[in-house]
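Notes for the one structure printed next.
The values are calculated or read from the model by the stated rules, or taken from the named source; none is laboratory data. The structure displayed is predicted, hence computed values, not measured ones. Quick reminder, even Gly has a Cβ in these numbers, built from the backbone with ideal geometry, and neighbours come from all protein chains shown. Please note that ligands, DNA and RNA were not included when accessible areas were found on the heavy atoms of the full protein model with its side chains. Shrake-Rupley method; radii C 1.70, N 1.55, O 1.52, S 1.80 Å.
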Amino acid sequence: CTMNTQIKQFDRPRNQQGMATLLMSVILLIIITMVSLYTAKVTIVEQKITANEYRAKQAFEATQAATEYAMAYLNNGGPDQDGDDVVDTFDSTNLPSGGALSNGSVFTVTMTDVTDTVTNPGLNAMTRIQITTTGGSDDGSISRTVTQLSSIVPLLKTSPDAGVATPG
C-alpha cells in the first residue's frame, strides 16, 4: 500500500512545476530558430544582390572598354583597316590579352556604315559609323549593349592648292 501512495504523490501538480519551464524553453527555442532562419535567408538574398551588381558592373565596364577600343580603332586607321571595303568587326579575342579583359569579362564590337550617300551625295562612304558594343560578365550571366554613332570628319573641308604663306 505504501507503493501506491508514493505514485499518487508523484502525480500531484505541485511536483510538476518544471513543465511550465520546459514549455517556455521550447517556445523560446522555436522563436530563436525562426529568427536564425530568417536572418540566413536575408543574408543569402543580399549576397545574390551583391554578386549581380558586381557582374553588372563587369559587363558595363567591358562595354565601356569596347567602346573606347572601337573609337581608338577608328582614330588609328579608319573603319576598314583590312582594305576589303567592308567596315571591320572585332571582339575581345583580337586583343593581345588573348580574349578576356583583366577582370575576365569579354566584349564584341560591331561597326556598321550608316552613311547616307543617296540623300547626301557629297558624303564619302564610311564617314558615319554606328558602333554597337556588347560586354559580358566573366561568367556570361549578364550583358550590356551600347550603341553610339560616330562621324569621321576631316579637319579641313578642302585642302589648299598651295601652302599658306605670310609676309614676313
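Brief remarks on what is shown
- Nonpolar atom fraction for the stretch 14-91, defined as the carbon and sulfur part of the 1.4 Å probe accessible area, stands at 63 percent.
- Accessible surface, 1.4 Å probe, highest first, among residues Phe60, Phe107: Phe60, Phe107
- Rolling a 1.4 Å probe over the protein chains gives Lys41 an accessible area of about 130 Å².
- Segments 67-73, 77-83, 18-24 sorted - mean Cβ within 10 Å per residue, highest first: 67-73, 77-83, 18-24
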